[in-house]
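Accompanying notes for the structure given below.
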Amino acid sequence: MSEIASIRATTLPARLHQWLDEGWIRSTDMALAALLAEQGGETDEVVLVLAALASYTVGAGHTRLPLDELIQTPAMLWSELPATDSNTETPIEWLGALAPDTLHARLSAAHSIETVTASDQANDRSSATPLVLQDNALYLRRYWANERLIQTALEARLAQPLPALPGLPERLDGLFPRSDHHPDWQRIAGALATRSRFTLITGGPGTGKTRTVLRLLGLLQAERMNSHPEAPLRIRLAAPTGKAAARLGESISGEVDALPLGSAVRDAIPRSVSTLHRLLGPRPGSRRFRHDRDNPLHADLVVVDEASMIDQELTARLLDALRPETQLVLLGDKDQLASVEAGAVLGELCAGTEQPHYTAETVAWVKANSGDDIADWQADGSPLQQQIVRLRDSRRFSADSGIGALAEAVRRGDSARANALLDDGASGIERLELASADDARIEKAACEGYQAYLTELQATRPADDDRDSNDQWALSVLAAFSGFQVLTTIRHGPLGVSGLNERIAAALQQSGLIDRASGWFEGRPVMITRNDYELGLMNGDVGVCLMTRLPGESEARLRVAFEWPDHRIRLVLPSRLDAVDSVFAMTVHKSQGSEFDHVLVVLPEGGPGRTRRELLYTAVTRARTGAVIAHPQAQ
């Protein structure tokens, strides 16, 4: 019997069956309710329905079902409301009719729910209930346990301040020389990171997160080698995806040698960056990793870039794998999209930091050690907020940059300003208003954007089978491909990622830029959609299919070229790639950790005004120099 057929055979409230048919919930959510009814003996309809909705919440990227908010705003669970023609009560109507004063009592009495307080610790007992109720929020137990682990681990780090670094003001002067920016938030971040085992540095594109952490590494390593020359800090650098890891590695490798430090210290700063999964050591067929509390990482300092992309589960596993004395630094843009998986950890950690949040003690410490006056940011704040620094000055976007201005307007939720910038054609940005979703100007703009890499592919093709020549050719093609990218916010339909990939490929073939529009062909760009540890390719890695002839081969073969750290090329036969998609167009989620010279951002009807703020912000900030925002005219 199939999963869905098995679910339908169970005795569950009729409304759940109807909601499954109409698309309000998933079969996975229904299966949880069925499990509670069949094996847990749960009979209360309210409990079964809310359990299914708690599961649906996780699928929507959240880790808890906030009951108070849900009753007040029952539509909050669904970004798109399914169409329904039946007379069955919708989830929104059902939720709106719940009585808050009796809800907590019914959930507390359920066999499948454990009621806890904020001070209770996470446990992994096999006999534990599958659901947890805390502060009127309903959790699947795994996500409650992860949340408690993260909270406990961070509180423990913040409760153990590091000893004062000798001569810190002078050391800061050497690595963070005074700038025209007052306060100098990069310098402040470097200073604050020396006093705690946890620091979070956030900021938009071009604000210097990588520059800041590189100088911090130099600061800490120089002090360690001064006091313990025989035992330098063991530093590990990581990022959520292979693409983000490669970018961080390139940035650090290009700047380490310029640090005003001795060669021994510079040599002790790592230049290679791994993905978080590789760092923790995945166990095949399991969510567990080789490194955990029983086998912690051998590291004194761990730096993780692009932390906005890390979900709750991976954050918990990282903290579980760190020794208590290991220093952790997270870098990321809190305004970017959260991870596709459940748990916007960076955003939650940064909650409240837009407003003043540094205590009088922190303000005085910064003044004494960095020389910067942050009295304007003084207020009551939590211990966590004392170790969060937002870098505010972008060096990528000039004052007259349209991209920078548009990104800031979107970040602040100022839709009037964002629309004005697009309508006025501010420098580097443009609005392309489409007549319909099928408007051929999408294909035209995409062909113009992708012509550069396809021309590079033909113009620089090596004449012989020399491996170095093939690698240099592949590097030049990949670099040219990164100059332009089509981004979309949806997956399906003519303006979704699948529809756009088909349309663009067909248009490129018609223009004579590629030989075919389906299957494997030279010039096809692809993205890995599932980690392949055997090949060393991670979800999100992008490659381009090239016709290559290597030494000893009598004829050329199609291979997909991927760039690895240190500008190395990995050539993989298409037959070995099981999980790939064409990537003439990619979702904004998949673009995180990437940068392109120009982007074409395709939005559904309604345009910027009806697009989630963090989604549009992330899309716009993928561009270095130019962005076109395309969308159908509002009806």
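The values are calculated or read from the model by the stated rules, or taken from the named source; none is laboratory data. Bear in mind that the values here come from a model prediction, so they are computed numbers and not experimental data. Using ideal geometry, Cβ is built from the backbone for each residue, glycine included, and neighbour counts are taken over all protein chains shown. Accessible surface is based on the protein model in full, side chains and every heavy atom, while ligands, DNA and RNA are left aside. Shrake-Rupley method; radii C 1.70, N 1.55, O 1.52, S 1.80 Å.
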Taking the alpha-carbon distance from Lys243 and a cut-off under 27 Å, which lysines remain once sequence neighbours fewer than 8 residues away in the same chain are dropped? Lys209, Lys334, Lys590
Cα-projected label distance for Arg26 with Arg576, points at 7 Å along beta-carbon direction, nm: 3.2
Rounded to the nearest 10 Å², the 1.4 Å probe accessible area of His181 is 70
Roughly what would the spin-label model give for Ala231 and Ala264, points 7 Å off Cα along C-beta, in nm? 1.6
Please work out how much length the chain gains when fully extended from Ala128 to Thr460, using 0.36 nm per residue of separation minus the C-alpha to C-alpha distance, in nm with one decimal. 113.3 nm
So with the 1.4 Å probe, I'd like the accessible area per residue for the chain, rounded to whole Å². 44
Rg/Rh ratio calculated on Cα atoms of the chain (Kirkwood radius): 0.97
Considering only protein heavy atoms and a 1.4 Å probe, what is the carbon-and-sulfur percentage of the accessible area of the chain? 48
Calculated FRET efficiency, Leu535 and Gln39, Cβ-Cβ r, R0 56 Å, to nearest 0.05? 0.90
Which of the peptides 39-48, 161-170 is most tightly packed, and how do the rest follow, going by the mean number of other Cβ atoms within 10 Å of each residue? 39-48, 161-170
Students often forget the sequence filter, so: which aspartates and glutamates lie under 18 Å Cα-Cα from Lys367 once same-chain residues fewer than 8 apart are removed? Glu170, Asp173, Asp180, Asp184, Asp376, Asp380
Projected onto the charge dipole of region 196-348 (unit charges on the beta-carbon of Lys, Arg, Asp and Glu, signs +1, +1, -1, -1), the Cα from Val302, Ala316, Leu279 with the largest positive-side position is that of Leu279
Any chance you could run the full-extension gain for Asp292 through Ala375? It's 0.36 nm times the residue separation minus the Cα-Cα distance, nm to one decimal. 25.8 nm
Would you please state which residues of region 154-169 a label at Thr117 would reach in this model, taking the label point 7 Å out along Cα→Cβ and a backbone N cut-off of under 16 Å? none
Of Arg157, Arg197, Arg392, Arg624, ordered by accessible area with the largest first and a 1.4 Å probe, the sequence is Arg624, Arg392, Arg197, Arg157
Helix-only mean residue ellipticity at 222 nm for the chain, each DSSP H run of n ≥ 4 adding -39500 (n - 2.57), per residue, nearest 500: -11500 deg cm²/dmol
Residues of region 347-384 with backbone N under 20 Å of the label point set 7 Å from the Cα of His182 along Cα→Cβ are 363-378
Could you quote the convex hull projected area for region 170-243, Cα atoms only and averaged over all directions, in nm²? 6.2
Could you compute the FRET efficiency for Glu89 and Arg612, with r as their C-beta to C-beta distance and R0 at 22 Å, rounded to 0.05? 0.20
